[in-house]
Amino acid sequence: MAELVVALDFDDALDALNMATVLRGQISWVKVGLELFTMEGPRMLHSLKGLGYRVFLDLKLHDIPNTVSRATLACAKGGADLITVHLMGGEHMCRAALDALRTAPSRPLVFGVTVLTSLAEGELPGCQQSLPDLTRTLADHAEHWGLDGVVCSGRECAAIKAQHPDLRCLTPGIRMDYDGADDQKRVMTPAQAVASGSDFLVVGRPITRAADPVAAAAAILADMNAPF
Ligand code: C5P
């Protein structure tokens, strides 16, 4: 059963907690990203977990292995349930992140970011491969290096799942037909993403900027559960 994760892309705790409170009971997962974490820090995770949420801390770590290893352990100590590292950080960096968690009080899921859903074909500097090929190559590495899943667009899920059925896929770039794409390029509807095998659908603005976030979330959940 795929999970809807709502991205709390706000710049202060009050707005984020208000939204989390409004959506309570509808969803189990929320995402804390760079903006909110930079402004409010680890106490945000504590507050959201206090509301009963599981927290995806999406810092997309990408640095030298030592730095990523220490940051990964810090994320785990802060209570994150799911974290992200960039697969383009390479094998040593990704394995260092996993090794760091051996001493963690609890073990968050670690997903590797393949290619951002805001990038279209030809927009990744120096890349000779097509984006679907590059995404599949990176997913192969993710499995081999021992990560729990990958972040990809819904468009790449089916091919990744065909190759790696146990590797979980988390897909941003989710839009209903009537929504604008904003800065996302490789988008899919919730129903399409679920049909393609996505395990976690991440949605931000279509819910958090909607006039009625509860109705927007309900429509997305209904689409996720509709037979495709
Ligand atoms: O508002 P929207 O639904 O586009 O938000 C998508 C969320 O997913 C954002 O918080 C963004 O940081 C995140 N994300 C993404 N693409 C990735 C990884 C994460 O859009 N590859």
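Where a number appears in this text, it was derived from the coordinates with a stated rule and is not lab data. Since this is a predicted model, take the numbers as computed values, not measurements. Heads up, the Cβs are rebuilt from the backbone with ideal geometry, glycines too, and the neighbour counts pull from every protein chain shown.
Once C-alpha pairs closer than 8 Å and six or more residues apart are averaged by separation and normalised to the residue number of the chain, the relative contact order reads 19 percent.
The label-point distance for Arg205 and Asp166, in a model that sets each label 7 Å from Cα toward Cβ, rounds to 3.9 nm.
Amide hydrogen proximity for Cys169: with H placed 1.01 Å from N in the peptide plane, the residues at 5 or more positions away or on another chain lying under 5 Å are Val150, Asp199, Phe200.
What are the semi-axes of the equivalent ellipsoid for the range 51-105, taken as the square roots of 5 times the Cα gyration tensor eigenvalues, largest first, in whole Å?
On the way: eigenvalues 77, 30, 12 Å².
Result for the range 51-105: semi-axes of 20, 12, 8 Å.
Each helix, a run of at least 4 DSSP H residues, gives -39500 (n - 2.57); summed and divided by the residues of the chain, these come to -12000 deg cm²/dmol at 222 nm. Scattering from the range 97-228 was approximated by placing one identical point on each alpha carbon and applying the Debye formula without solvent; log10 I(q)/I(0) at 0.12, 0.17 1/Å stands at -0.50, -0.92.
Comparing Glu156, Glu143, Glu123 in a Gaussian network model of the chain, where Cα atoms under 10 Å apart are tied by springs, the biggest mean-square fluctuation is seen for Glu123. Amide H contacts for Lys60 (H built 1.01 Å from N in the peptide plane; partners 5 or more residues away or on another chain; cut-off under 5 Å): Thr84. In this structure, Asp177 and Glu121 have a Cβ-Cβ separation that, at R0 = 25 Å, corresponds to a calculated FRET efficiency of about 0.65.
Kindly identify the chain as rounded, prolate or oblate by the Cα gyration tensor criterion: order the square roots of the eigenvalues as a ≥ b ≥ c, call it rounded if a/c is under 1.5, otherwise compare a/b with b/c, prolate if a/b is larger, else oblate.
On the way: a/c = 1.65, a/b = 1.08, b/c = 1.52.
Oblate is the answer for the chain, as a/c is 1.5 or above yet b/c matches or exceeds a/b.
In nm, give the distance between the simple-model label positions of Lys77 and Ile64, each being 7 Å from the Cα along the Cα-to-Cβ direction. Distance between the two pseudo-spin positions: 2.0 nm.
Computed from the C-beta positions of Met88 and Asp11, the FRET efficiency with R₀ = 25 Å rounds to 0.35. For the range 1-107, a/c is not less than 1.5, where a ≥ b ≥ c are the root eigenvalues of the C-alpha gyration tensor, and a/b tops b/c. That puts it in the prolate class.
Between amide H atoms placed 1.01 Å from N, distances below 5 Å from Thr117 occur with no residue 5 or more places distant or on a separate chain. A straight line joining the Cα centroids of the range 60-111 and the range 152-221 runs 24 Å. Note on the range 120-166: percent of Cα-Cα distances in each 10 Å bin, starting at 0 and stopping at the bin with the largest distance, equals 26, 54, 19, 0. Between Val115, Val22, Val30, the residue with the greatest mean-square fluctuation in the GNM of the chain (Cα pairs under 10 Å linked by springs) is Val22.
Here each label is just a point 7 Å from Cα along the line to Cβ, and for Thr21 and Ala104 those points are 3.0 nm apart. Pairs over the 27 Å Cα-Cα cut-off, from the set Lys77/Lys161; Lys60/Lys161; Lys31/Lys185: Lys77/Lys161.
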